[in-house]
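A quick write-up on the structure given underneath.
The values are calculated or read from the model by the stated rules, or taken from the named source; none is laboratory data. The structure presented is a predicted model; accordingly, all values stated were derived computationally and were not measured. Because the Cβ atoms are built from the backbone with ideal geometry, glycine has one as well, and the counts that use them run over all protein chains shown.
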Amino acid sequence: MNLKRQFLWGMTPLVVVSAVNLFSVPLFLRFLGEEMYALWFYLMVFSGLFGFADLGLGIAVTRYVGMALGRGDRAAVREYWGTGNLIALPLLMVVGAALAISGVFIGPQWFNAAPEHHALLRALFVVGGVSLFLNYYGQFWIVLLQAHLDFQFTSLLRTACSLLQVIPAIWIAWRTGNPLWITIWAALVGLLQLGLLVWHARRHHQIGFDLRHASLARGREMAAYTGKTFVSLVVNSMLGSLDRLILGRLAPAAGFTLYSICSNVGMRLQGLGAAVMGPVFHNTNRAVGGGREAATTAIFDEMFSFLTRWYLVAAAWVAVWHPVLLRLWLGAEDGARAAPLFTPIILAYCLNSIAGVSSSQLSALNRVGTALGFTVTGALLAAAGAWIGWHAAGVVGVAWGFLASRVACVAQDLFAGRLVGARGWLSGWVWAAIGMHGLVGGAFALSYLAFKRDSAWLILPAGLHAAVLVAVLLRHRWQGLLGNFRGTGQANRAGAKGHAPES
């Protein structure tokens with residue numbers, strides 16, 4: 001299975017969830033209301049602080065598992081996995097309890113929630129602690145399967161579980177108007193997913209918990225890399241959502257909800273790009289384990305080009321048509337309120353997504369400390385942007401401050417590209433593509449002169465613009481298919497002529 005196919009399998013559940021979100025987010029907002037919706041997002045933001053839950057073991061173990069697979073050493077695979085499992089199980093239980101306890105005591109004091117909702121917020125954090133254990137331990141098994149390049153099963157399972165979680169949650173929100181029941185349902189789905197992952201690994205890859213294969217020597221071997229990864233995860237978890245943490249402290253629930261809705265779209269868009277991180281990370285590990293370091297350049301070039309071309313399409317289309325998109329999605333009033341935030345937030349997450357290629361390779365190449373430096377820089381810039389932006393222009397200023405902070409992502413891409421001998425952002429085609437999107441987008445934006453901004457007819461030029469961008473992006477594939485079709489036709493005609501009866 002090649003890199004792009006692995007990426008597409010990894011992206012499938014994210015595409016499905018993003019499509020479901022197009023109608024689920026407005027429904028959740030309507031059924032829960034702004035106050036309950038904000039409580040739900042307070043839990044998600046606070047849970048993000050615990051993204052270090054496995055102390056980096058998941059990444060470290062699968063890195064060494066991938067390198068062992070590259071060498072064909074199955075005994076080492078079991079030893080690395082059993083050692084990581086022995087540490088991860090109790091560790092994740094402790095971290096889940098820490099989320100619940102700290103959320104109960106700190107959550108109502110930090111977030112701008114009404115006093116009558118403090119008890120509900122505490123209950124959300126208790127259930128959130130259980131969900132954290134199930135989700136992170138499930139992810140531990142997902143990356144194990146991906147280290148075996150089993151992207152197809154993990155993709156199908158994640159897609160099914162995502163649908164099973166989101167669709168009934170809409171009904172729960174309608175019936176109860178309470179985010180607590182939605183969170184309980186999510187925990188039950190997480191338990192089901194974990195069980196199916198363990199079953200599949202045992203049946204198809206002959207790997208179980210393998211605790212009996214745990215080895216102190218393997219633990220020591222992974223310790224240094226795990227420590228660096230842990231520090232990186234802590235920083236990412238505590239600082240990755242710093243803009244929303246600061247906004248949750250400063251803004252009322254209505255402003256925080258609008259920003260969260262836009263960020264949710266951005267995170268879904270970033271999630272699509274995050275699907276590239278698994279293939280890049282695991283294939284780079286195998287290349288290094290097999291002594292094929294030169295292959296890292298080809299991996300970077302292929303996936304950076306692939307990802308950047310698609311995100312340029314998304315950014316260009318959103319920049320022109322976000323007023324139409326938001327009006328159809330959120331309604332006239334909420335769409336107009338969200339419009340000034342939407343474009344800078346989406347552009348920021350596009351840059352985050354493209355940086356997934358460089359961050360994955362830096363991790364696989366044991367440059368975790370360097371990646372951490374870029375992460376800290378980006379987080380500090382995001383915090384400064386949020387604080388300055390709020391005092392300068394309110395919620396809109398926070399959005400633009402967050403976009404400005406993404407210069408750290410571009411710097412990381414430039415460093416990683418130079419490290420492996422790839423050009424990345426320095427390639428001429430990148431800037432030619434940006435110029436082309438600017439010209440085409442400007443031409444289509446003239447449609448606003450012909451129609452009123454609230455006209456339903458704007459859907460037509462928006463759809464045509466999207467079709468043109470996708471057609472240009474896929475032109476080489478269409479040419480290849482056309483060439484294959486012509487070649488097949490010529491071969492058929494030659495065959496028919498060759499088998500014609502003699503006169």
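Among the numbered criteria (1) in a loop (DSSP other than H, G, I, E, B); (2) surrounded by fewer than 21 Cβ atoms within 10 Å (Cβ to Cβ), which single criterion is violated by Ile207? Only one criterion in (1) in a loop (DSSP other than H, G, I, E, B); (2) surrounded by fewer than 21 Cβ atoms within 10 Å (Cβ to Cβ) is unmet by Ile207, namely (2).
Report whether or not Gln146 is closer than 14 Å to Ala275 by Cα and surrounded by fewer than 21 Cβ atoms within 10 Å (Cβ to Cβ). For Gln146, the condition - closer than 14 Å to Ala275 by Cα and surrounded by fewer than 21 Cβ atoms within 10 Å (Cβ to Cβ) - is not met.
Here's the yes/no breakdown for (1) free of Cβ contacts under 8 Å to residues at least 60 places away in the same chain; (2) crowded, with 19+ Cβ neighbours inside 10 Å:
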| residue | (1), (2) |
| --- | --- |
| Ala386 | no, yes |
| Ala392 | yes, no |
| Val395 | no, yes |
| Cys409 | yes, yes |
| Phe415 | yes, no |
| Arg418 | yes, no |
| Ala422 | no, yes |
| Ala443 | yes, no |
| Asp454 | no, no |
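If you go through region 325-357 and keep only what is closer than 10 Å to Cys262 by Cα and touching a Lys or Arg at 6+ places or on another chain (Cβ under 6 Å), you end up with nothing. Criterion first (over 25 Å from Ile207 (Cα atoms) and of a type outside the set (A, V, I, L, M, F, W, C)) does Gly128 satisfy it? In short, yes.
Could you please let me know if Arg218 is of a type outside the set (Phe, Trp, Tyr), surrounded by fewer than 19 Cβ atoms within 10 Å (Cβ to Cβ), assigned to a helix (DSSP H, G or I) and at pLDDT 85 or above?
Details: of a type outside the set (Phe, Trp, Tyr): yes; surrounded by fewer than 19 Cβ atoms within 10 Å (Cβ to Cβ): no; assigned to a helix (DSSP H, G or I): yes; at pLDDT 85 or above: yes.
Judged against the criteria, Arg218 is not a match.
Within region 336-374, the only residue that satisfies the criterion of being in a helix (DSSP H, G or I) and charged (D, E, K, R) is Arg337.
Can you find a residue that is closer than 30 Å to Glu302 by Cα and under 22 Å from the mean Cα position of the chain (by Cα) anywhere in region 205-223? Looking through region 205-223, none of the residues is closer than 30 Å to Glu302 by Cα and under 22 Å from the mean Cα position of the chain (by Cα).
For (1) assigned to a helix (DSSP H, G or I); (2) within 23 Å of Leu89 (Cα to Cα); (3) touching a Phe, Trp or Tyr at 6+ places or on another chain (Cβ under 6 Å); (4) in contact (Cβ under 8 Å) with a residue 12 or more places away in the chain, each residue gets a yes or a no:
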| residue | (1), (2), (3), (4) |
| --- | --- |
| Ala119 | yes, no, no, no |
| Val143 | yes, yes, no, yes |
| Leu149 | no, no, no, yes |
| Ala160 | yes, no, no, no |
| Ile172 | yes, no, yes, yes |
| Trp185 | yes, yes, no, yes |
| Val189 | yes, yes, no, yes |
| Trp199 | yes, yes, no, no |
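Just one residue in the set Ile101, Ile167 is of a type in the set (A, V, I, L, M, F, W, C), surrounded by fewer than 16 Cβ atoms within 10 Å (Cβ to Cβ), touching a residue at least 60 places away in the same chain (Cβ under 8 Å) and under 29 Å from Gly248 (Cα atoms); that residue is Ile167.
Could we say that Ser215 is of a type outside the set (D, E, K, R) and closer than 30 Å to Thr377 by Cα here? Break it down into steps so the answer makes sense when it comes.
Values: of a type outside the set (D, E, K, R): yes; closer than 30 Å to Thr377 by Cα: no.
Answer is no for this residue.
Taking the stated definitions as given, is Ala416 of a type outside the set (Phe, Trp, Tyr), modelled with pLDDT of 90 or more and either in contact with a Lys or Arg (Cβ under 6 Å, 6 or more places away or on another chain) or not in a helix (DSSP H, G or I) (or both)? Quick ask: steps written out before the conclusion?
On the way: of a type outside the set (Phe, Trp, Tyr): yes; modelled with pLDDT of 90 or more: yes; either in contact with a Lys or Arg (Cβ under 6 Å, 6 or more places away or on another chain) or not in a helix (DSSP H, G or I) (or both): no.
Against the criterion (of a type outside the set (Phe, Trp, Tyr), modelled with pLDDT of 90 or more and either in contact with a Lys or Arg (Cβ under 6 Å, 6 or more places away or on another chain) or not in a helix (DSSP H, G or I) (or both)), Ala416 does not qualify.
Of all residue pairs spaced 6 or more apart or on separate chains, those with beta-carbon atoms under 6 Å, a first member in region 260-273 that is surrounded by 24 or more Cβ atoms within 10 Å (Cβ to Cβ) and a second member that is in a helix (DSSP H, G or I) and polar (S, T, N, Q) are Gly273/Ser353.
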